[in-house]
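The values are calculated or read from the model by the stated rules, or taken from the named source; none is laboratory data. Here the structure is a predicted model, which is why all the values come from computation and not from measurement. Note that we place each Cβ from the backbone using ideal geometry, even for glycine, and neighbour counts take in every protein chain shown. To get the accessible areas, we keep the full protein, side chains included, count just its heavy atoms, and leave off ligands, DNA and RNA. Shrake-Rupley method; radii C 1.70, N 1.55, O 1.52, S 1.80 Å.
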Amino acid sequence: MSRPTKIAYFSMEIGLADALPTYSGGLGVLAGDTIRSAADGGVPLVAVTLVHRKGYFRQHLAADGTQSEAPVAWAPAEELTELPARVLLNMSGRDVALRAWQYDVPGVGGETVSVLLLDTDLPENSDEDRRITDHLYGGDELYRLRQEVILGIGGVRMLRALGYTELERFHMNEGHAALLVLELGHEEMKRRGATTVTREIAQAVKPLCVFTTHTPVPAGHDQFSLTMVREVITGYGGAFNERAVEFCLNNILNMTYLALDNSTYINGVAKRHGEISRHMFAQYKVDSITNGVHAGFWTAPAIQALFDHHISAWRADNASLRYALGIARHELWAAHQKAKEDLIRRVNQRSGAAMFANVFTLGYARRATPYKRADLLFHDMQRLLALHRSAGPIQIVYSGKAHPHDEGGKDLIRRIFEHIGALKGQIAIAYLEDYDMALARQMVAGVDLWLNTPQPPLEASGTSGMKAAINGVPQLSMLDGWWIEGCIEGITGWAIGEAASNGNEAADDRALDAQSLYNKLETVILPLYYRDQDRFIDVMRHAIALNGSFFNTERMVDQYVRKAYFC
């Protein structure tokens, strides 16, 4: 007999499978990895998200790097199981019907975690209301607020309608789901026979809630005017009139602060991010649980086969990856080369870049936005060309989408295309469009070095380098996010520059950081790769044994269980 479900995990996006465009990037991919590891560990958890019928977007890049977007239409009925329950929410003075689709994520031990994908595309709803759950992060502020009402308030109601009666924790993966505290407060009010949500009732909800904040970047914290909130959330009558002043500072509802104020446990997603968050939110107790990745999902087939042969328990016991230090160098190199050949073949087919499997290959892929500084590598073109000629040839694979409204991110992609054009015939560089999980799996395993160049301290965690490490690919990165914890210089990878100060001010010294990047490539990494392959493979082995064995969601979920779920 299965255990009753105790944990409800809410996330606006979840990366579940290649065929389901229900994610945009790191937040959703982390959520998917969390659910996979919860299933592996038999954690009694159910997840809630939106169905996103039109996905995030399909990216097309013109010859000059100009990004255009198109919907990613898909048919939920072909991939998911429709559930019979229906719930109603009153928004803007009218009832909106809501259904849920179910997707079950299996674990290595036979347990499963169910994901509920909420959907308003029902015939009884108006055309406008049927579109609410179409586009991930689409539309204007009003559209975003209505989606967050569906996720938080509608999610709790759907869980109740489906019989999830023994839930003990509601985990908000970012502030998008924070409105669930209103529904929990309203439930408690009705249980007590009260007519308003008093401060005492609000405090009674707090022990149920857990909140993970993911970014120090202001744009990552949704805010809505109290006027708009009152116009949209019309199902509670005057129940929250007394609390509105507390919840809405200066007549603005900040979803992050709503979650902070009403959670019993709060965490950042790396030790450094926990420090930054304690500076940002000084009145709250903020812990940290460093992110991870799902080892089985992100490991390339050739590397999986190698682990299966040498570390048979690795899928159920990620910590056993420390035994990778005992894998023969030639075996690890052969498995890596197989992954690299697969990537180079795909790159050449998609871009015509004429890359070769025996050339040192750098990989860079993440959301295109200015603070991530994807163009730092091109700061000094002559220096880049000089190290390419003197230390050993390089080739570079890029990918990543800019949010449709992020003009700075779109300009960044165009600048990279300009650099690619300027270096044509000298350094082979490809920018692959429409970055997704399938391409990411090939890139993190098939390059020789993973590059990350964010402006400290704005990288809260970052997980792409963890995915590379699982595959034996070392990272060269700014000392920000998880890399402060994961970098053992020359052992697991290499650092660009020095660790950021303890302040919360972002320092962008591109010239200094670029010179550090070039120096590491020219004097350390390329000589190692081309002239001391055994030592380079030792770094690969340590990336797996030290970073892969720890920076995984098996360890991360275990920490949530002990610190937040069943404490």
Regression test value, accessible area per residue of the range 240-288, probe 1.4 Å, units Å², expected 45
Rg(Cα) / (2.2 N^0.38 Å) computed for the range 43-162, rounded to two decimals: 1.18
So, relative contact order of the range 133-223 in percent, Cα under 8 Å, 6 or more apart, is 31
Mind checking the angle between helix 180-191 and the chain's longest principal axis? C-alpha axes, 0 to 90 degrees, to the nearest 10. 30
If one computes the Cα centroid of the range 167-245 and of the range 1-21, what distance in Å separates the two points? 21
Return the whole-Å distance between the Cα centroid of the range 297-317 and the Cα centroid of the range 522-544. 22
If Lys and Arg each add +1 and Asp and Glu each add -1, what is the summed charge of the other residues whose beta carbon sits under 12 Å from the beta carbon of E111? 0
For the range 187-248, list log₁₀ I(q)/I(0) at each q in 0.14, 0.22, 0.24, 0.30 Å⁻¹, using the Debye formula over Cα point scatterers of equal strength and ignoring solvent, two decimals each. -0.55, -1.08, -1.14, -1.23
Measuring from the lowest to the highest alpha carbon on each principal axis, how far does the range 161-319 reach, largest first, in angstroms? 63, 39, 27
Please work out the Cα center distance from the range 385-444 to the range 40-110, rounded to the nearest Å. 30
How large is the accessible surface per residue of the range 395-439, computed with a 1.4 Å probe and reported in Å² as a whole number? 37
Just to be sure I understand the curve: with the Debye formula and one point per C-alpha of the range 1-93, what is log10 I(q)/I(0) at q = 0.16, 0.26 Å⁻¹? -0.84, -1.34
Find, to one decimal place in angstroms, the Kirkwood hydrodynamic radius of the chain, where the mean of 1/r is taken over every pair of different Cα atoms and then inverted. 24.4
Whole-percent carbon and sulfur share, accessible surface of the chain, 1.4 Å: 51
As a test of the definition: which semi-axes, in Å, follow for the range 397-514 when you take the square root of five times each eigenvalue of its alpha carbon gyration tensor? Largest first, please. 23, 19, 15
